[in-house]
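The values are calculated or read from the model by the stated rules, or taken from the named source; none is laboratory data. Everything numeric in this text was worked out from a predicted model, so none of it was measured. Reconstructed Cβ throughout: ideal geometry from the backbone, glycine too, with neighbour counts over all protein chains shown. Please note that ligands, DNA and RNA were not included when accessible areas were found on the heavy atoms of the full protein model with its side chains. Shrake-Rupley method; radii C 1.70, N 1.55, O 1.52, S 1.80 Å.
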4 protein chains.
Amino acid sequence: MTRRAHPERGFALPVRIYWEDTDAGGIVFYANYLKFFERARTEWLRSLGIEQSRLRESARGIFVVGETSLRYHRAARLDDELLVTAEVEEIGRASLIIAQRAYLRDSKGPPDVAGALLCEGTIRIGWVDDRTLKPARIPPTLLEALKT
Amino acid sequence: MTRRAHPERGFALPVRIYWEDTDAGGIVFYANYLKFFERARTEWLRSLGIEQSRLRESARGIFVVGETSLRYHRAARLDDELLVTAEVEEIGRASLIIAQRAYLRDSKGPPDVAGALLCEGTIRIGWVDDRTLKPARIPPTLLEALKT
Amino acid sequence: MTRRAHPERGFALPVRIYWEDTDAGGIVFYANYLKFFERARTEWLRSLGIEQSRLRESARGIFVVGETSLRYHRAARLDDELLVTAEVEEIGRASLIIAQRAYLRDSKGPPDVAGALLCEGTIRIGWVDDRTLKPARIPPTLLEALKT
Amino acid sequence: MTRRAHPERGFALPVRIYWEDTDAGGIVFYANYLKFFERARTEWLRSLGIEQSRLRESARGIFVVGETSLRYHRAARLDDELLVTAEVEEIGRASLIIAQRAYLRDSKGPPDVAGALLCEGTIRIGWVDDRTLKPARIPPTLLEALKT
């Protein structure tokens, strides 16, 4: 996957819209923005050197989503290309709030330039023990990587 | 689909958890609660005599989701049975706010008794023209059915 | 979930079509029939007293899909109700072949009468150790339940 | 999306595995390979100058899947990167058969080198009128692009 820098926001992942993403209204099914946001968070974490499957093995923890809040502004359609951003809004000891946005990519401009805002929201993710699913402190190395 | 009355809340749809609903964390993938909530809204509307595909043909409009806000309390797992509720929180001229909850069904109690609260949230849905996707006034007959 | 007997085939699960199941072609996204078939297999197993999550704990094994072969005859749409069947075609020591069909439910007839055939196929499922994912012999009690 | 040439097969799309793709077995949910194959077919068509949403507007037709046949060899997991290929196996007047494969990308080798074969299959797609969904002749320009 290519990771292109979004001019104003730091991190942005391009996401292409396929048949699987659409519904009979002819537009992207709204629940799928949570998937696009997840993909962007994952690639943003990877860009910070954090790979969740390895982290699970080494630190025996996983991130779980505790709260999502999304606003939908405009619809996307088949074959559209989106730019999806992720940035830290708040860092706590056991959880994070990530602000995310999905833009329609401007097909006439350079590949890293975003057009209309389609959807925006915040995702609160908590760090939990991967067996008990109980909240735990985010490992210090992870916390430091996130603070950069 | 059976529609069982939920004692305290009026409408509740039973939803079974299948492999498709889970993720590698061993629990239900959080984005899927938006699907469960959608299913419950649809069956709740159907219980009021409103069928969305017919409505689209007769009134040339569809509901689109404008805002979602969800809080996750506990995880559900493969083979669990949920009870998912839907009730009107606010009715406007062009949009509605629906409050929804997913409970773990208490397997020892009667089929309509809910156990632990897993996820709750509000969904704002707007009524739009089905071609232009522009906001429109909710048809009066629909509005009346919702107010009952 | 209600389990209604299908007149000719023994087991049939009703499946309602929601927005999540459709695509921008206005019809059910073809990959979703694999989900409907999985739901029907799961409920058919449950009707034989087999619950996969308990089986995993007791026998430390899970079913994995090894081969799928589907033919699509007609499209389903939003709000349609399907009847999805499952029946054993072949039983081996480490794998099974299940024949499955999805019918449009005839909305004018009684609830257990199937209309047009939408999709049919066979699914080969193997029994594997739930940690190593290596093929294993199907537990005898499971085999006997399947043979009835 | 990057399109990297697959050494032996011509076209290959890299597909990253996210939480949304996995199930409680800890592996990729088998139905999702149909999505990965669809993404690869779409990007392969795009590489031939064919964009399905434009084609729908100009030729009033869409591709629909008529038959799928998949064999699963090995499981993929969270954070894996796959290479998914697509190549024509047969071209008729109203339908095509596409052969597809998903490989685990070899993380130590160059980005376009495939490792273990995970899943392979054939997809028969038919060309239909986008309103009636009835079979129609594939437009000549489309046919020629496919034959190259």
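State whether one or more residues within segment C:34-42 are within 14 Å of chain A (Cβ to nearest Cβ), modelled with pLDDT of 95 or more, in contact with a helix residue (DSSP H, G or I) (Cβ under 6 Å, 6 or more places away or on another chain) and in a loop (DSSP other than H, G, I, E, B).
no
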- Message: Filter segment B:133-148 down to the residues that are more than 25 Å from A:H73 (Cβ to Cβ) and part of a loop (DSSP other than H, G, I, E, B) and list them by number.
- Response: B:T148
- Message: Looking for something open to solvent by 10 Å² or more (accessible area, probe 1.4 Å), within 14 Å of chain C (Cβ to nearest Cβ) and of a type in the set (F, W, Y) - is there at least one such residue anywhere in segment D:94-116?
- Response: no
- Filtered residues of segment B:8-33 (kept if touching a helix residue (DSSP H, G or I) at 6+ places or on another chain (Cβ under 8 Å) and of a type in the set (A, V, I, L, M)): B:A12, B:L13, B:V15, B:A24, B:V28, B:A31
- Item | Residue tally, condition aliphatic (A, V, I, L, M), open to solvent by 10 Å² or more (accessible area, probe 1.4 Å) and at pLDDT 95 or above, over segment A:1-23 | 0
- Query: Looking only at segment A:55-79, which residues are farther than 15 Å from A:R124 by Cα and within 13 Å of chain D (Cβ to nearest Cβ)?
  - Reply: A:L55, A:R56, A:E57, A:A76, A:R77, A:L78, A:D79
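Please state which one of C:L78, C:L55 is more than 23 Å from D:I27 (Cβ to Cβ), buried (at least 18 other Cβ atoms within 10 Å of the Cβ) and aliphatic (A, V, I, L, M).
Result of the check over C:L78, C:L55: C:L78.
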- Filtering segment C:24-52 down to residues that are among the small types (G, A, S) and either more than 24 Å from C:R93 (Cα to Cα) or open to solvent by less than 20 Å² (accessible area, probe 1.4 Å) (or both) yields C:A24, C:G25, C:G26, C:A31, C:A40
- Can you find a residue in segment C:43-54 that is within 14 Å of chain A (Cβ to nearest Cβ), assigned to a helix (DSSP H, G or I) and without any contact (Cβ under 8 Å) to a residue 24 or more places away in the chain? no
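With the requirement that a residue be under 19 Å from A:R71 (Cα atoms) and surrounded by 20 or more Cβ atoms within 10 Å (Cβ to Cβ), what does segment B:127-148 give you?
Correct list: B:W127, B:V128.
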- Note on the structure: Residue count, segment B:5-34, condition under 13 Å from the mean Cα position of the chain (by Cα) and free of Cβ contacts under 8 Å to residues at least 12 places away in the same chain, comes to 1
- Of the criteria (1) among the hydrophobic types (A, V, I, L, M, F, W, C); (2) out of contact with any Cys (no Cβ under 7 Å at 6 or more places or on another chain); (3) within 13 Å of chain B (Cβ to nearest Cβ), which one A:L82 fails: (3)
- Mind checking which pairs have a first residue in segment A:85-111 that is without any contact (Cβ under 8 Å) to a residue 40 or more places away in the chain and a second that is assigned to a loop (DSSP other than H, G, I, E, B) and of a type outside the set (S, T, N, Q), Cβ under 7 Å, 6 or more apart or different chains? A:L104/A:A76; A:L104/A:D80; A:D106/A:V113
